[in-house]
Amino acid sequence: MFSQEERCLYRNNQLGEVICQLRFPEILTIGANVPVQFQEAIRDDYPQYGARKESPAPKITGTPGNMTLENQPQTINYQFVSEDGNWKVNLTSRFISLSCARYTNWEDFAGKLDKPLAAFIKIYKPAYFERVGLRYLNFISRKALDLDGVPFSKLISPAYIGLMAEEDIVETNVARCSMEAELNIRGGCKAKIHCGPGLVKRNGQGDNEVKFILDLDLFMPGKVPVNLSAGALQTLHGQAFSIFRGAITDTLHDALEPEMI
């Protein structure tokens, strides 16, 4: 499942979105006041601003047989977007995140994170981070990779496609087939993996091509000291490639056009 190959970059990567999120104990100031100082610190890189109110999922309280749902207070999600729309910073009273839709490499992504994360730490002084996470959403399109007609069983490792790996299973007869797992991995990290074929809609737009969705959510739980957050992200990133490479066959690896670093 875990590849030992050297990390490479894919010229034809199939990443639909990459997200870094750092959660922290709630800071009420963020919800009570518009983050003016934070915007000023990052406005050159993220000039577009927006905010929306969100309602968290109800909280379950009580004991078995006497359980109730409690509505949670609304939170404000502040959004700061780059001029080209590719990079987006989100800030709430519980987390800060950076996401991008056109990912090139980790060094570029980490560089874009430096300024908003440093500004957040300087202005709001979080006690620690409760969860440091990196999420990679891959939407693997056979059409985009000139692999029309090649079954997913030739592109994805058997552990990730389940019954679809069996020779007597016809892919077009499979209405739904997915795999979910949560694993403890090296360095005190965890990985949540969700994958399977499906249709993808982004911002209400989509097509009729069945893509293979490979959702890798890597995170470090527990109290992560603020000064070790960059190292935690580096640890998570270091394990992402070995999982992804272990999930794909050599056929797909070659179609993605690897470049050695």
> Checking Cys100 against (1) in contact (Cβ under 8 Å) with a residue 24 or more places away in the chain; (2) within 22 Å of Lys201 (Cβ to Cβ); (3) outside the structural domain of Ile42 (by TED's automatic domain parsing), which test does it fail?
Replying inline: (3)
> In the stretch 183-198, what residues are at pLDDT below 90 and at negative phi?
Replying inline: Arg186
> Which members of the stretch 135-171 meet the condition of being modelled with pLDDT under 95, closer than 30 Å to Leu233 by Cβ and of a type in the set (Val, Ile, Thr)?
Replying inline: Ile161
> Which one of the conditions (1) within 22 Å of the chain's Cα centre (by Cα); (2) in a loop (DSSP other than H, G, I, E, B); (3) over 30 Å from Asn77 (Cβ atoms) does Thr104 fail to meet, given that it meets all the rest?
Replying inline: (3)
> What are the residues in the stretch 1-33 that are of a type outside the set (Gly, Ala, Ser) and free of Cβ contacts under 8 Å to residues at least 12 places away in the same chain, if any?
Replying inline: Asn33
> Among the residues of the stretch 69-83 satisfying the criterion of being of a type outside the set (A, V, I, L, M) and at pLDDT below 95, which is nearest to Leu134 (Cα to Cα)?
Replying inline: Thr75
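Which one is nearest to Glu107 (Cα to Cα), of the residues in the stretch 1-49 that are β-branched (Val, Ile, Thr) and assigned to a helix (DSSP H, G or I)?
Per the stated criteria, the residue is Ile42.
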>> Can you tell me how many residues within the stretch 84-116 are surrounded by fewer than 17 Cβ atoms within 10 Å (Cβ to Cβ) and of a type outside the set (D, E, K, R)?
In response: 7
>> Residue under question is Pro126, and the condition is that it be under 23 Å from Leu98 (Cβ atoms) and part of a loop (DSSP other than H, G, I, E, B); does it hold?
In response: yes
> Can you tell me which of Ala232, Ala240 is farther than 15 Å from Leu15 by Cα, touching a strand residue (DSSP E or B) at 6+ places or on another chain (Cβ under 7 Å) and of a type in the set (A, V, I, L, M)?
Replying inline: Ala232
> Got a sec? Which strands (runs of 3 or more DSSP E) wholly within the stretch 176-261 have at least 3 residues that are of a type in the set (A, V, I, L, M) and within 16 Å of the chain's Cα centre (by Cα)?
Replying inline: 211-224
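The values are calculated or read from the model by the stated rules, or taken from the named source; none is laboratory data. Here the structure is a predicted model, which is why all the values come from computation and not from measurement. Reconstructed Cβ throughout: ideal geometry from the backbone, glycine too, with neighbour counts over all protein chains shown.
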